[in-house]
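Okay, structure first, notes after.
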Amino acid sequence: MLWKEKYKIGVDLIDQQHQELFRRVTDFIVTVRGQGDWEERLAKVKETLAFMQEYVVTHFADEEAYQAGINYPGLAAHQQIHDNFKREIDEYAKKFAATGFDEDLVQSFGGKLMAWLINHVAREDQRIGKFVRQEVR
Ligand SMILES: [Fe+2]
């Protein structure tokens, strides 16, 4: 599991959702890089893709609603980053539909998910936590 305690921003709902995202993406990568029949592992790939498409939308909406609620000044920019990532996931989904889950493409999707998640949660989302802590002081 690639989640680290330091990724917490101090808002329970968001921290729980982030942990769930990390758990799913970690599982996904372990499966994709693992041994065994590719067709069997593919079931997990499809399940994770469907999960990400749905859960990321929910999580981003919750995170943006939270930012709006605290008058977070970076909301518009943050929304843009979320929208771009949703688009990237949808583009992968389209490519998978077209190529029939090509193994190299699935690998690159896993790498992309993990890199994006770590980068975003460890950097961009941390700013929300910092803002909250300044606000309550
Ligand atoms: Fe975010």
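The values are calculated or read from the model by the stated rules, or taken from the named source; none is laboratory data. A quick note: this is a predicted structure, and the numbers were derived from the prediction, not measured. In this analysis, Cβ positions are derived from the backbone assuming ideal geometry, glycine residues included, and neighbour counts consider all displayed protein chains. Heavy atoms of the whole protein, side chains included, go into the accessibility calculation; ligands, DNA and RNA do not. Shrake-Rupley method; radii C 1.70, N 1.55, O 1.52, S 1.80 Å.
Per-residue ellipticity at 222 nm from helix content only, as computed over the chain with -39500 (n - 2.57) for each DSSP H run of at least four residues, stands at -27500 deg cm²/dmol. Per residue, the convex hull spanned by the alpha carbons of the stretch 10-136 comes to 90 Å³.
Computed with a 1.4 Å probe over protein heavy atoms only, the accessible surface of the chain comes to 56 Å² per residue.
The angle separating the long axis of helix 103-119 from the principal Cα axis of greatest extent in the chain is about 10 degrees.
Relative contact order for the chain: 37 percent, from Cα pairs under 8 Å spaced at least 6 residues apart, divided by residue count. First compute the accessible area of the stretch 1-123 with a 1.4 Å probe, then give the percent of it belonging to carbon and sulfur atoms. Here it works out to 51 percent.
Among the listed pairs Lys4/Lys46; Lys4/Lys86; Lys6/Lys95; Lys8/Lys112, a Cα-Cα separation exceeding 31 Å is found for Lys6/Lys95. Given +1 at the Cβ of Lys and Arg, -1 at the Cβ of Asp and Glu and no other charges, the dipole of the stretch 10-136 around its Cα centre is 300 debye to the nearest 20.
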